[in-house]
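Undergrad: This is the structure I want to talk about, given as structure tokens.
Values quoted throughout were computed directly from the atomic coordinates according to the rules given, and no laboratory measurement underlies them. Please read all numbers here as calculations on a predicted model, not as lab measurements. With ideal geometry, Cβ positions are generated from the backbone for all residues, glycine too; neighbour counts draw on all protein chains shown.
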Amino acid sequence: MEERRFEDRKEPEIVYSKSVKAGKRIYYLDVKKARNEDLYLCITESKKKIGEDDVPQFEKHKIFLYKEDFATFTDSLSDVINFVKSRVGDIESRERMEKASESETIAEEEKTEEEKPRRGLLGRLLN
């Protein structure tokens, strides 16, 4: 019997890939080819964390989705997204949210001291 070491295993070939930056996370959507030539989807969530000694580390989680499950998965994903939309209304993209937040921050920074809301006990007394 031939002994195979883990290092001898060949990583499945990536035939198509997309990445989605989402704040502190990046999602990789990789279409891979299995040994039997079938294609499947590997979804990887990668999140940067600062480890010991301030060394950045990446925490990764993977989901493997096989082609025979694509239809039910996409139907269920659409159903869940529509449920959330029905509860909270339209969902803004992360890019729009970040741009709006940047605009608010700039506007806040440009306010004079008199225009800025006062906080704490002194603020309540003066308002």
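Undergrad: Label-point separation (nm) for Glu13 and Glu98, each offset 7 Å from Cα along Cα-to-Cβ?
TA: 3.4 nm
Undergrad: Still on this structure: Going through the cross-link list Lys62/Lys99; Lys32/Lys85; Lys33/Lys85; Lys10/Lys67, which pairs have a Cα-Cα distance over 24 Å in this structure? Could the numbers behind the result be given before it?
TA: Details: Lys62/Lys99 30 Å; Lys32/Lys85 32 Å; Lys33/Lys85 35 Å; Lys10/Lys67 21 Å.
Beyond 24 Å between Cα atoms: Lys62/Lys99; Lys32/Lys85; Lys33/Lys85.
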